[in-house]
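A.B. asks: The following block contains the structure, expressed as C-alpha coordinates.
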Amino acid sequence: MSAYQNDIKAVTALKEAAGAGWSGISEEAVARMRAQNKFKTHLDIAKYTARIMREDMAAYDADSSQYTQSLGCWHGFIGQQKMISIKKHFGNTNRRYLYLSGWMVAALRSQFGPLPDQSMHEKTVVAGLIEELYTFLRQADARELDLLFRQLDAAKEAGDTAKAADIQEQIDNHETHVVPIIADIDAGFGNEEATYLMAKQMIEAGACCIQIENQVADEKQCGHQDGKVTVPHDDFHAKLRAVRYAFLELGVDDGVIVARTDSQGAGLTKQIATVKTPGDQGDIYNSYLDVEEITVDQMQQGDVVINQNGKLVRPKRLPSGLFQFRRGTGEERCVFDCIEAIKAGADLLWIETEKPHVGQIKAMMDEIRKEVPNAKLVYNNSPSFNWTLNFRQQVFDAWQAEGKDVSAYDRASLMSVEYDETELSAEADRRIQSFQADASREAGIFHHLITLPTYHTAALSTDNLAKRYFGEEGMLGYVQQVQRQEIRQGIACVKHQNMSGSDIGDAHKEYFSGENALKASGKDNTMNQFS
(Lines give C-alpha, C1' and ligand atoms only; values in the text may rest on other atoms or scores of the structure.)
Protein backbone atom coordinates (compact mmCIF):
# COMPACT_ATOMS: atom_id res chain seq x y z
CA MET A 1 0.00 0.00 0.00
CA SER A 2 1.34 3.44 -0.92
CA ALA A 3 2.07 6.21 1.58
CA TYR A 4 -0.92 8.06 0.11
CA GLN A 5 -3.30 5.16 0.79
CA ASN A 6 -1.76 4.61 4.23
CA ASP A 7 -2.47 8.24 5.11
CA ILE A 8 -6.09 7.90 4.03
CA LYS A 9 -6.43 4.82 6.21
CA ALA A 10 -4.73 6.50 9.18
CA VAL A 11 -6.87 9.64 9.00
CA THR A 12 -10.02 7.51 8.70
CA ALA A 13 -9.10 5.87 12.01
CA LEU A 14 -8.43 9.27 13.56
CA LYS A 15 -11.83 10.54 12.42
CA GLU A 16 -13.60 7.56 13.90
CA ALA A 17 -11.83 8.12 17.21
CA ALA A 18 -12.51 11.87 17.22
CA GLY A 19 -16.22 11.54 16.57
CA ALA A 20 -18.70 13.90 14.92
CA GLY A 21 -16.56 16.99 15.37
CA TRP A 22 -14.26 15.77 12.61
CA SER A 23 -17.04 14.96 10.14
CA GLY A 24 -16.04 17.88 7.94
CA ILE A 25 -12.48 16.57 7.54
CA SER A 26 -11.77 14.74 4.28
CA GLU A 27 -9.40 11.79 4.59
CA GLU A 28 -8.25 12.19 1.01
CA ALA A 29 -7.68 15.91 1.43
CA VAL A 30 -5.40 15.26 4.41
CA ALA A 31 -3.52 12.59 2.45
CA ARG A 32 -3.04 15.07 -0.37
CA MET A 33 -1.75 17.77 1.96
CA ARG A 34 0.68 15.30 3.54
CA ALA A 35 1.93 14.22 0.11
CA GLN A 36 2.52 17.88 -0.73
CA ASN A 37 4.57 18.32 2.44
CA LYS A 38 7.06 15.44 2.22
CA PHE A 39 9.72 17.21 4.31
CA LYS A 40 8.49 18.44 7.67
CA THR A 41 11.68 20.43 8.41
CA HIS A 42 14.65 21.58 6.38
CA LEU A 43 16.89 19.44 8.59
CA ASP A 44 15.00 16.47 7.14
CA ILE A 45 16.03 17.78 3.74
CA ALA A 46 19.71 17.90 4.77
CA LYS A 47 19.58 14.25 5.88
CA TYR A 48 17.74 13.17 2.72
CA THR A 49 20.02 14.99 0.28
CA ALA A 50 23.21 13.91 2.11
CA ARG A 51 22.26 10.29 1.40
CA ILE A 52 21.68 11.15 -2.26
CA MET A 53 25.07 12.80 -2.51
CA ARG A 54 26.88 9.90 -0.83
CA GLU A 55 25.20 7.44 -3.20
CA ASP A 56 26.23 9.60 -6.16
CA MET A 57 29.82 9.72 -4.92
CA ALA A 58 29.91 5.92 -4.70
CA ALA A 59 28.41 5.63 -8.19
CA TYR A 60 31.11 7.95 -9.56
CA ASP A 61 33.85 5.88 -7.90
CA ALA A 62 32.51 2.86 -9.78
CA ASP A 63 32.01 4.68 -13.10
CA SER A 64 33.48 8.13 -13.82
CA SER A 65 30.82 8.82 -16.46
CA GLN A 66 28.37 9.17 -13.56
CA TYR A 67 29.52 12.68 -12.65
CA THR A 68 27.15 15.29 -11.23
CA GLN A 69 26.35 18.87 -12.24
CA SER A 70 24.81 22.05 -10.90
CA LEU A 71 24.13 25.67 -11.74
CA GLY A 72 24.46 28.52 -9.26
CA CYS A 73 21.14 30.13 -8.27
CA TRP A 74 20.70 33.42 -6.44
CA HIS A 75 16.95 33.25 -5.73
CA GLY A 76 14.49 30.54 -4.77
CA PHE A 77 12.45 31.12 -7.92
CA ILE A 78 15.51 30.64 -10.14
CA GLY A 79 16.36 27.36 -8.41
CA GLN A 80 12.76 26.22 -8.63
CA GLN A 81 12.46 26.95 -12.35
CA LYS A 82 15.74 25.16 -12.98
CA MET A 83 14.54 21.96 -11.31
CA ILE A 84 11.11 22.15 -12.99
CA SER A 85 12.90 22.43 -16.35
CA ILE A 86 15.20 19.51 -15.55
CA LYS A 87 12.25 17.27 -14.68
CA LYS A 88 10.42 18.39 -17.82
CA HIS A 89 13.33 17.74 -20.18
CA PHE A 90 14.96 14.69 -18.57
CA GLY A 91 12.18 13.06 -16.56
CA ASN A 92 14.18 13.00 -13.32
CA THR A 93 16.67 15.00 -11.27
CA ASN A 94 19.36 12.31 -11.06
CA ARG A 95 22.87 13.73 -10.45
CA ARG A 96 21.66 17.31 -10.88
CA TYR A 97 22.13 19.64 -7.92
CA LEU A 98 21.94 23.32 -7.00
CA TYR A 99 24.94 25.48 -6.17
CA LEU A 100 24.83 28.43 -3.80
CA SER A 101 27.50 30.92 -4.75
CA GLY A 102 28.97 33.28 -2.17
CA TRP A 103 29.84 35.57 -5.08
CA MET A 104 26.17 35.91 -6.05
CA VAL A 105 25.11 36.31 -2.41
CA ALA A 106 27.52 39.25 -2.13
CA ALA A 107 26.54 40.77 -5.47
CA LEU A 108 22.77 40.30 -5.26
CA ARG A 109 21.54 39.54 -1.74
CA SER A 110 23.22 41.99 0.64
CA GLN A 111 21.40 44.86 2.31
CA PHE A 112 24.46 46.97 1.46
CA GLY A 113 23.73 46.54 -2.22
CA PRO A 114 26.15 44.92 -4.72
CA LEU A 115 29.40 43.91 -3.02
CA PRO A 116 32.60 42.22 -4.20
CA ASP A 117 33.22 38.61 -3.20
CA GLN A 118 35.07 39.48 0.02
CA SER A 119 32.76 38.15 2.78
CA MET A 120 31.43 41.62 3.54
CA HIS A 121 27.77 40.61 3.22
CA GLU A 122 25.65 39.62 6.19
CA LYS A 123 26.53 36.10 7.35
CA THR A 124 22.93 34.98 7.85
CA VAL A 125 21.92 35.73 4.26
CA VAL A 126 23.65 32.50 3.16
CA ALA A 127 21.48 30.31 5.38
CA GLY A 128 18.52 32.47 4.39
CA LEU A 129 19.07 31.71 0.71
CA ILE A 130 19.37 27.96 1.39
CA GLU A 131 16.05 28.06 3.24
CA GLU A 132 14.50 30.12 0.44
CA LEU A 133 15.69 27.71 -2.25
CA TYR A 134 14.20 24.73 -0.45
CA THR A 135 10.97 26.59 0.27
CA PHE A 136 10.56 27.18 -3.47
CA LEU A 137 11.48 23.55 -4.30
CA ARG A 138 8.93 22.26 -1.80
CA GLN A 139 6.34 24.53 -3.38
CA ALA A 140 7.24 23.06 -6.78
CA ASP A 141 6.40 19.62 -5.35
CA ALA A 142 3.08 20.89 -3.97
CA ARG A 143 2.17 22.53 -7.29
CA GLU A 144 3.02 19.47 -9.39
CA LEU A 145 1.06 17.18 -7.09
CA ASP A 146 -1.90 19.60 -7.09
CA LEU A 147 -2.00 19.34 -10.90
CA LEU A 148 -1.96 15.54 -10.61
CA PHE A 149 -4.76 15.61 -8.02
CA ARG A 150 -6.88 17.71 -10.40
CA GLN A 151 -6.21 15.25 -13.24
CA LEU A 152 -7.12 12.37 -10.91
CA ASP A 153 -10.42 13.99 -9.99
CA ALA A 154 -11.20 14.64 -13.65
CA ALA A 155 -10.44 11.04 -14.61
CA LYS A 156 -12.62 9.71 -11.79
CA GLU A 157 -15.45 12.06 -12.76
CA ALA A 158 -15.20 10.86 -16.37
CA GLY A 159 -15.23 7.22 -15.23
CA ASP A 160 -11.82 6.57 -16.84
CA THR A 161 -10.46 4.02 -14.37
CA ALA A 162 -7.36 3.24 -16.41
CA LYS A 163 -6.30 6.88 -16.54
CA ALA A 164 -7.14 7.32 -12.85
CA ALA A 165 -4.93 4.34 -11.99
CA ASP A 166 -2.05 5.77 -14.07
CA ILE A 167 -2.30 9.18 -12.39
CA GLN A 168 -2.51 7.55 -8.95
CA GLU A 169 0.71 5.67 -9.71
CA GLN A 170 2.39 8.98 -10.62
CA ILE A 171 1.24 10.41 -7.29
CA ASP A 172 2.43 7.39 -5.34
CA ASN A 173 5.85 7.50 -7.05
CA HIS A 174 6.24 11.25 -7.27
CA GLU A 175 9.85 12.43 -7.51
CA THR A 176 10.62 15.50 -5.46
CA HIS A 177 12.26 18.62 -6.86
CA VAL A 178 14.40 18.70 -3.71
CA VAL A 179 18.05 17.97 -4.57
CA PRO A 180 21.41 18.53 -2.83
CA ILE A 181 22.72 22.06 -2.53
CA ILE A 182 26.47 22.65 -2.40
CA ALA A 183 26.60 25.75 -0.22
CA ASP A 184 29.48 28.23 -0.07
CA ILE A 185 30.53 29.27 3.46
CA ASP A 186 33.44 31.34 2.05
CA ALA A 187 36.38 31.17 4.47
CA GLY A 188 34.15 30.51 7.46
CA PHE A 189 33.11 34.07 8.35
CA GLY A 190 35.52 34.38 11.27
CA ASN A 191 37.28 31.98 13.63
CA GLU A 192 36.43 28.30 14.01
CA GLU A 193 33.60 29.03 16.49
CA ALA A 194 32.02 31.44 14.00
CA THR A 195 32.40 28.79 11.30
CA TYR A 196 30.67 26.19 13.50
CA LEU A 197 27.75 28.50 14.27
CA MET A 198 27.35 29.51 10.63
CA ALA A 199 27.55 25.87 9.48
CA LYS A 200 24.82 24.90 11.94
CA GLN A 201 22.55 27.59 10.59
CA MET A 202 23.19 26.46 7.01
CA ILE A 203 22.54 22.78 7.85
CA GLU A 204 19.33 23.64 9.70
CA ALA A 205 18.26 25.51 6.55
CA GLY A 206 18.78 22.29 4.55
CA ALA A 207 22.42 22.20 3.42
CA CYS A 208 23.90 18.71 3.15
CA CYS A 209 27.17 19.91 1.64
CA ILE A 210 29.31 22.85 2.72
CA GLN A 211 32.24 24.23 0.75
CA ILE A 212 34.94 26.10 2.67
CA GLU A 213 38.15 27.69 1.43
CA ASN A 214 41.62 28.09 2.92
CA GLN A 215 41.84 31.86 2.70
CA VAL A 216 42.09 34.24 5.64
CA ALA A 217 38.50 35.05 6.63
CA ASP A 218 38.99 38.82 6.83
CA GLU A 219 41.17 38.96 3.69
CA LYS A 220 38.97 36.71 1.54
CA GLN A 221 38.98 37.36 -2.21
CA CYS A 222 37.16 35.83 -5.15
CA GLY A 223 39.13 32.81 -6.37
CA HIS A 224 39.52 34.46 -9.79
CA GLN A 225 40.97 37.70 -8.51
CA ASP A 226 44.38 38.73 -7.25
CA GLY A 227 45.36 39.36 -3.63
CA LYS A 228 44.38 36.00 -2.14
CA VAL A 229 45.92 35.14 1.24
CA THR A 230 45.96 31.55 2.53
CA VAL A 231 46.21 30.21 6.07
CA PRO A 232 48.38 27.41 7.49
CA HIS A 233 46.82 23.96 7.62
CA ASP A 234 46.20 23.97 11.38
CA ASP A 235 43.89 26.98 11.01
CA PHE A 236 42.03 25.55 8.02
CA HIS A 237 41.66 22.07 9.48
CA ALA A 238 40.15 23.49 12.67
CA LYS A 239 37.39 24.95 10.50
CA LEU A 240 36.92 21.65 8.67
CA ARG A 241 36.40 19.98 12.03
CA ALA A 242 34.03 22.76 13.10
CA VAL A 243 31.82 22.02 10.09
CA ARG A 244 31.96 18.28 10.79
CA TYR A 245 30.95 18.83 14.41
CA ALA A 246 28.00 20.91 13.21
CA PHE A 247 26.84 18.08 10.93
CA LEU A 248 27.24 15.48 13.68
CA GLU A 249 25.50 17.57 16.34
CA LEU A 250 22.46 17.93 14.10
CA GLY A 251 22.38 14.25 13.16
CA VAL A 252 23.48 14.67 9.55
CA ASP A 253 26.12 11.99 9.96
CA ASP A 254 26.87 11.70 6.25
CA GLY A 255 27.07 15.43 5.57
CA VAL A 256 29.64 16.36 2.91
CA ILE A 257 32.51 18.84 3.25
CA VAL A 258 34.27 20.34 0.24
CA ALA A 259 37.75 21.70 0.99
CA ARG A 260 38.67 24.40 -1.48
CA THR A 261 42.24 25.53 -1.95
CA ASP A 262 43.08 28.83 -3.59
CA SER A 263 46.79 28.17 -3.26
CA GLN A 264 47.53 27.99 -6.95
CA GLY A 265 46.67 31.63 -7.41
CA ALA A 266 47.47 32.80 -3.88
CA GLY A 267 51.02 34.10 -3.47
CA LEU A 268 50.62 35.31 0.11
CA THR A 269 50.10 34.02 3.65
CA LYS A 270 49.19 35.99 6.71
CA GLN A 271 51.28 33.99 9.13
CA ILE A 272 54.15 31.58 9.41
CA ALA A 273 53.00 28.10 10.36
CA THR A 274 53.88 26.56 13.71
CA VAL A 275 56.45 23.77 13.43
CA LYS A 276 56.44 21.01 16.05
CA THR A 277 58.73 18.50 14.37
CA PRO A 278 60.92 18.70 11.26
CA GLY A 279 59.00 17.76 8.12
CA ASP A 280 55.53 18.22 9.62
CA GLN A 281 52.68 20.17 7.99
CA GLY A 282 53.89 23.51 9.31
CA ASP A 283 57.46 22.87 8.24
CA ILE A 284 56.40 21.95 4.71
CA TYR A 285 54.06 24.98 4.51
CA ASN A 286 56.94 27.27 5.54
CA SER A 287 59.29 25.63 3.03
CA TYR A 288 57.36 27.35 0.23
CA LEU A 289 58.02 30.83 1.65
CA ASP A 290 60.19 33.23 -0.32
CA VAL A 291 63.19 33.56 2.01
CA GLU A 292 66.75 34.77 2.04
CA GLU A 293 69.51 33.22 4.12
CA ILE A 294 71.06 35.65 6.62
CA THR A 295 73.42 35.68 9.56
CA VAL A 296 72.62 36.91 13.07
CA ASP A 297 74.48 40.17 12.54
CA GLN A 298 72.37 40.87 9.43
CA MET A 299 69.14 40.81 11.41
CA GLN A 300 67.35 44.14 11.63
CA GLN A 301 64.96 45.57 14.20
CA GLY A 302 61.56 43.89 13.89
CA ASP A 303 62.73 41.11 11.54
CA VAL A 304 60.94 37.78 11.58
CA VAL A 305 63.40 34.96 11.03
CA ILE A 306 63.09 31.16 11.16
CA ASN A 307 65.40 28.21 11.39
CA GLN A 308 65.06 26.24 8.18
CA ASN A 309 67.14 23.07 7.96
CA GLY A 310 69.77 24.53 10.24
CA LYS A 311 69.95 27.82 8.34
CA LEU A 312 68.72 31.19 9.55
CA VAL A 313 66.36 32.61 6.93
CA ARG A 314 64.27 35.76 6.68
CA PRO A 315 60.89 35.37 4.90
CA LYS A 316 60.03 38.12 2.46
CA ARG A 317 57.52 40.37 4.22
CA LEU A 318 55.44 42.97 2.43
CA PRO A 319 54.58 46.43 3.85
CA SER A 320 51.12 44.97 4.62
CA GLY A 321 52.75 42.50 7.02
CA LEU A 322 51.91 39.55 4.77
CA PHE A 323 54.50 36.95 3.81
CA GLN A 324 55.19 35.96 0.23
CA PHE A 325 55.53 32.48 -1.25
CA ARG A 326 58.11 31.63 -3.87
CA ARG A 327 56.86 32.07 -7.40
CA GLY A 328 56.02 28.87 -9.25
CA THR A 329 55.06 26.88 -6.16
CA GLY A 330 51.29 27.26 -6.56
CA GLU A 331 50.50 23.85 -8.02
CA GLU A 332 52.79 22.04 -5.57
CA ARG A 333 51.20 23.86 -2.63
CA CYS A 334 47.76 23.11 -4.05
CA VAL A 335 48.48 19.37 -4.17
CA PHE A 336 49.86 19.45 -0.62
CA ASP A 337 46.82 21.37 0.65
CA CYS A 338 44.43 18.88 -0.94
CA ILE A 339 46.13 15.79 0.48
CA GLU A 340 46.25 17.28 3.97
CA ALA A 341 42.60 18.45 3.76
CA ILE A 342 41.38 14.93 2.99
CA LYS A 343 43.49 13.54 5.82
CA ALA A 344 41.81 16.13 8.07
CA GLY A 345 38.31 14.90 7.15
CA ALA A 346 37.25 16.65 3.94
CA ASP A 347 35.17 14.51 1.57
CA LEU A 348 35.70 16.39 -1.69
CA LEU A 349 38.27 18.84 -3.03
CA TRP A 350 37.99 22.07 -4.97
CA ILE A 351 40.96 23.38 -6.91
CA GLU A 352 40.59 26.89 -8.26
CA THR A 353 42.57 27.10 -11.50
CA GLU A 354 43.33 30.05 -13.76
CA LYS A 355 42.02 28.32 -16.89
CA PRO A 356 39.88 25.29 -17.80
CA HIS A 357 42.52 22.81 -18.96
CA VAL A 358 41.98 19.06 -18.49
CA GLY A 359 45.71 18.33 -18.65
CA GLN A 360 46.57 20.81 -15.91
CA ILE A 361 43.83 19.57 -13.57
CA LYS A 362 44.77 15.94 -14.28
CA ALA A 363 48.43 16.56 -13.45
CA MET A 364 47.53 17.84 -9.99
CA MET A 365 44.95 15.13 -9.37
CA ASP A 366 47.42 12.42 -10.39
CA GLU A 367 49.74 13.64 -7.65
CA ILE A 368 46.93 13.81 -5.10
CA ARG A 369 45.69 10.33 -5.99
CA LYS A 370 49.12 8.85 -5.30
CA GLU A 371 48.28 9.50 -1.65
CA VAL A 372 44.47 9.36 -1.80
CA PRO A 373 43.39 7.02 -4.63
CA ASN A 374 39.68 7.91 -4.52
CA ALA A 375 40.14 11.69 -4.22
CA LYS A 376 37.40 13.57 -6.07
CA LEU A 377 37.02 17.14 -7.22
CA VAL A 378 34.27 19.71 -7.33
CA TYR A 379 35.25 21.97 -10.21
CA ASN A 380 34.17 25.50 -10.99
CA ASN A 381 33.38 25.83 -14.71
CA SER A 382 33.71 29.53 -14.09
CA PRO A 383 32.25 32.39 -16.13
CA SER A 384 35.46 34.21 -15.17
CA PHE A 385 37.17 32.10 -17.83
CA ASN A 386 36.91 33.23 -21.43
CA TRP A 387 35.98 29.72 -22.57
CA THR A 388 35.93 30.56 -26.26
CA LEU A 389 39.40 32.12 -26.30
CA ASN A 390 40.90 29.53 -23.94
CA PHE A 391 39.81 26.56 -25.99
CA ARG A 392 40.63 28.12 -29.34
CA GLN A 393 44.13 28.78 -28.05
CA GLN A 394 44.36 25.21 -26.72
CA VAL A 395 43.47 23.88 -30.17
CA PHE A 396 45.90 26.30 -31.82
CA ASP A 397 48.73 25.11 -29.53
CA ALA A 398 47.86 21.44 -30.05
CA TRP A 399 47.77 21.81 -33.82
CA GLN A 400 51.01 23.75 -33.84
CA ALA A 401 52.68 21.02 -31.76
CA GLU A 402 51.41 18.42 -34.22
CA GLY A 403 52.97 20.36 -37.11
CA LYS A 404 49.64 21.42 -38.57
CA ASP A 405 49.57 24.69 -40.53
CA VAL A 406 48.09 27.41 -38.31
CA SER A 407 49.29 30.38 -40.34
CA ALA A 408 45.67 31.40 -41.07
CA TYR A 409 45.11 32.16 -37.39
CA ASP A 410 46.35 34.91 -35.08
CA ARG A 411 46.58 33.24 -31.67
CA ALA A 412 46.14 36.49 -29.74
CA SER A 413 43.01 37.42 -31.69
CA LEU A 414 41.18 34.09 -31.78
CA MET A 415 38.17 35.58 -29.98
CA SER A 416 37.41 37.58 -33.13
CA VAL A 417 34.12 36.86 -34.89
CA GLU A 418 36.07 36.25 -38.12
CA TYR A 419 37.13 32.87 -36.72
CA ASP A 420 33.63 31.74 -35.67
CA GLU A 421 33.01 29.55 -38.72
CA THR A 422 36.51 28.08 -39.00
CA GLU A 423 37.70 24.51 -38.52
CA LEU A 424 39.64 25.61 -35.45
CA SER A 425 36.52 27.14 -33.89
CA ALA A 426 34.50 23.99 -34.54
CA GLU A 427 37.15 21.83 -32.85
CA ALA A 428 37.33 24.21 -29.88
CA ASP A 429 33.54 24.06 -29.46
CA ARG A 430 33.67 20.26 -29.60
CA ARG A 431 36.22 20.27 -26.78
CA ILE A 432 34.11 22.69 -24.72
CA GLN A 433 31.10 20.42 -25.21
CA SER A 434 33.00 17.35 -23.98
CA PHE A 435 35.01 19.17 -21.30
CA GLN A 436 32.95 17.91 -18.38
CA ALA A 437 32.92 14.29 -19.51
CA ASP A 438 36.62 14.43 -20.40
CA ALA A 439 37.63 16.05 -17.12
CA SER A 440 35.53 13.62 -15.06
CA ARG A 441 37.12 10.67 -16.83
CA GLU A 442 40.69 11.97 -16.86
CA ALA A 443 40.96 14.31 -13.87
CA GLY A 444 38.74 12.94 -11.12
CA ILE A 445 36.02 15.59 -11.26
CA PHE A 446 32.90 14.28 -9.51
CA HIS A 447 30.91 17.49 -9.67
CA HIS A 448 30.86 20.21 -12.32
CA LEU A 449 29.24 23.50 -11.50
CA ILE A 450 28.92 26.97 -12.98
CA THR A 451 29.07 29.40 -10.09
CA LEU A 452 27.05 32.32 -11.42
CA PRO A 453 25.34 31.46 -14.71
CA THR A 454 21.92 32.81 -13.70
CA TYR A 455 23.50 36.17 -12.89
CA HIS A 456 24.56 36.35 -16.53
CA THR A 457 21.35 34.92 -18.01
CA ALA A 458 19.26 37.43 -16.06
CA ALA A 459 21.38 40.27 -17.42
CA LEU A 460 21.33 38.94 -21.00
CA SER A 461 17.57 38.28 -21.14
CA THR A 462 16.79 41.65 -19.53
CA ASP A 463 19.02 43.45 -22.02
CA ASN A 464 17.28 41.75 -24.94
CA LEU A 465 13.81 42.55 -23.58
CA ALA A 466 14.68 46.18 -22.82
CA LYS A 467 16.14 46.68 -26.28
CA ARG A 468 13.04 45.33 -27.98
CA TYR A 469 10.26 46.63 -25.69
CA PHE A 470 11.56 50.18 -25.36
CA GLY A 471 12.49 50.24 -29.04
CA GLU A 472 10.42 50.06 -32.18
CA GLU A 473 8.89 46.65 -31.43
CA GLY A 474 7.01 47.89 -28.35
CA MET A 475 4.68 45.25 -26.90
CA LEU A 476 5.66 42.83 -29.67
CA GLY A 477 9.12 42.74 -28.10
CA TYR A 478 7.60 41.04 -25.06
CA VAL A 479 4.98 38.92 -26.81
CA GLN A 480 7.24 37.53 -29.53
CA GLN A 481 10.38 36.95 -27.49
CA VAL A 482 8.93 36.03 -24.10
CA GLN A 483 5.30 34.98 -23.85
CA ARG A 484 5.06 33.26 -27.24
CA GLN A 485 8.27 31.37 -26.51
CA GLU A 486 6.97 30.34 -23.08
CA ILE A 487 3.87 28.89 -24.71
CA ARG A 488 5.77 27.19 -27.53
CA GLN A 489 8.37 25.69 -25.18
CA GLY A 490 5.98 24.69 -22.42
CA ILE A 491 7.51 26.93 -19.76
CA ALA A 492 5.52 26.32 -16.59
CA CYS A 493 5.51 29.90 -15.34
CA VAL A 494 3.58 31.15 -18.39
CA LYS A 495 0.70 30.38 -16.01
CA HIS A 496 2.19 32.65 -13.38
CA GLN A 497 -0.91 32.61 -11.14
CA ASN A 498 -0.69 28.84 -10.90
CA MET A 499 3.06 29.03 -10.31
CA SER A 500 2.56 31.43 -7.42
CA GLY A 501 0.25 28.95 -5.67
CA SER A 502 -3.21 30.25 -6.61
CA ASP A 503 -4.61 26.80 -7.49
CA ILE A 504 -3.12 25.24 -4.35
CA GLY A 505 -4.87 27.94 -2.36
CA ASP A 506 -8.16 27.17 -4.13
CA ALA A 507 -7.83 23.50 -3.22
CA HIS A 508 -7.26 24.41 0.42
CA LYS A 509 -10.24 26.76 0.45
CA GLU A 510 -12.38 23.90 -0.88
CA TYR A 511 -11.08 21.59 1.86
CA PHE A 512 -11.76 24.19 4.55
CA SER A 513 -15.01 25.80 3.30
CA GLY A 514 -16.56 23.30 0.93
CA GLU A 515 -19.14 24.81 -1.42
CA ASN A 516 -18.73 28.19 0.27
CA ALA A 517 -15.15 28.54 -0.96
CA LEU A 518 -14.45 31.74 -2.91
CA LYS A 519 -11.97 30.48 -5.47
CA ALA A 520 -9.69 32.38 -7.87
CA SER A 521 -9.74 29.88 -10.74
CA GLY A 522 -13.23 30.54 -12.10
CA LYS A 523 -14.30 31.36 -15.65
CA ASP A 524 -13.12 34.99 -15.39
CA ASN A 525 -9.55 34.02 -14.58
CA THR A 526 -7.52 35.27 -17.56
CA MET A 527 -5.03 32.45 -17.04
CA ASN A 528 -7.64 30.18 -18.70
CA GLN A 529 -6.34 31.60 -21.98
CA PHE A 530 -3.26 29.44 -21.54
CA SER A 531 -5.08 26.14 -21.02
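A.B. asks: Using a 7 Å offset from the Cα along the Cα-to-Cβ direction at both T295 and M120, what is the distance between the two label points in nm, to one decimal?
C.D. replies: My value for the distance between the label points is 4.9 nm.
A.B. asks: Carbon and sulfur together cover what percent of the accessible area of segment 372-531 at a 1.4 Å probe radius?
C.D. replies: That share works out to 50 percent.
A.B. asks: Turning to a different aspect of this structure: When the expected Rg is taken as 2.2 N^0.38 Å, what fraction or multiple of it is the alpha-carbon Rg of segment 1-113?
C.D. replies: Ratio of Cα Rg to 2.2 N^0.38 Å: 1.52.
A.B. asks: Which lysines, if any, have their Cα less than 26 Å from the Cα of K404, not counting same-chain residues under 8 positions apart?
C.D. replies: Answer for K404, where 26 Å is the Cα cut-off: K355, K362, listed by chain and number.
A.B. asks: Additional query: What residues have an amide H closer than 5 Å to that of N214, excluding those fewer than 5 places away on the same chain, when H is modeled at 1.01 Å from N in the peptide plane?
C.D. replies: R260, D262
A.B. asks: Starting from the Cα gyration tensor of segment 266-331, multiply each eigenvalue by 5, take the square root, and state the resulting semi-axes largest first in whole Å.
C.D. replies: Calculated on Cα positions only, the semi-axes equal 18, 16, 11 Å.
A.B. asks: Under a point spin-label approximation (7 Å from Cα along Cα-to-Cβ), what is the V372-D463 distance to one decimal in nm?
C.D. replies: With each label point 7 Å from Cα toward Cβ, the separation is 3.9 nm.
A.B. asks: What whole-number value in Å² describes the accessible area per residue of segment 370-449 for a 1.4 Å probe?
C.D. replies: Solvent-accessible surface per residue comes out at 49 Å².
A.B. asks: Find the Rg to Rh ratio for segment 438-481, where Rh is the Kirkwood radius over alpha-carbon pairs and Rg uses the same atoms.
C.D. replies: 1.38
A.B. asks: Next question. List the pair-distance distribution P(r) of segment 370-482, using every Cα-Cα distance, as the percent of pairs falling in each 10 Å bin from 0 up to the bin containing the longest distance, rounded to whole percents.
C.D. replies: 12, 27, 27, 23, 9, 2, 0
A.B. asks: How much FRET efficiency would the formula 1/(1 + (r/R0)^6) give for E169 and R484, where r is the Cβ-Cβ distance and R0 is 30 Å, rounded to 0.05?
C.D. replies: 0.30
A.B. asks: Roughly what % of Cα-Cα distances in the chain sit above 33 Å, to the whole percent?
C.D. replies: Distances greater than 33 Å cover 52 percent of the Cα pairs.
A.B. asks: Further, regarding this structure: Are any of the pairs K276/K343; K9/K495; K47/K376; K87/K239; K40/K123; K87/K376 more than 30 Å apart by Cα-Cα distance, and if so, which?
C.D. replies: K9/K495; K87/K239
A.B. asks: Hey, how many Å between the Cα centroid of segment 275-306 and the Cα centroid of segment 118-170?
C.D. replies: 60 Å
A.B. asks: Percent antiparallel among DSSP beta bridges with both residues in the chain, to the nearest 5?
C.D. replies: Of those bridges, close to 25 percent are antiparallel.
A.B. asks: Continuing with the same structure: Taking 0.36 nm per intervening residue step and subtracting the Cα-Cα distance, what contour gain separates R241 from S65 on full extension?
C.D. replies: That pair, R241 and S65, stretches by 60.2 nm at full extension.
A.B. asks: Between D160 and D438, 0.36 nm times their residue separation minus their Cα-Cα distance comes to what?
C.D. replies: Additional length available on full extension: 95.2 nm.
A.B. asks: Right, another one. Calculate the radius of gyration of the Cα atoms of segment 92-218 to one decimal place, then report Dmax, the largest Cα-Cα distance, as a whole number, both in Å.
C.D. replies: Considering segment 92-218 through its Cα atoms, Rg and Dmax are 20.2, 67 Å.
A.B. asks: Along the Cα→Cβ direction, 7 angstrom out, place labels at V313 and Q5. What is the inter-label distance in nm?
C.D. replies: If labels sit at V313 and Q5, their model points lie 7.3 nm apart.
A.B. asks: Sort out for me the Cα centre separation of segment 491-513 from segment 329-397, rounded to whole Å.
C.D. replies: 46 Å
A.B. asks: Okay, moving on. If you take every DSSP beta bridge whose two residues both sit in segment 193-327, what share of them, in percent to the nearest 5, is antiparallel?
C.D. replies: Just about 60 percent of them are antiparallel.
A.B. asks: Only Cα pairs under 8 Å and at least 6 apart count here; give the relative contact order of the chain as a rounded whole percent.
C.D. replies: Worked out over the chain, it gives 15 percent.
The values are calculated or read from the model by the stated rules, or taken from the named source; none is laboratory data. Keep in mind that what you see is a predicted model, and the values were worked out from it rather than measured. Heads up, the Cβs are rebuilt from the backbone with ideal geometry, glycines too, and the neighbour counts pull from every protein chain shown. The accessibility values were calculated without ligands, DNA or RNA, using every heavy atom of the protein model including side chains. Shrake-Rupley method; radii C 1.70, N 1.55, O 1.52, S 1.80 Å.
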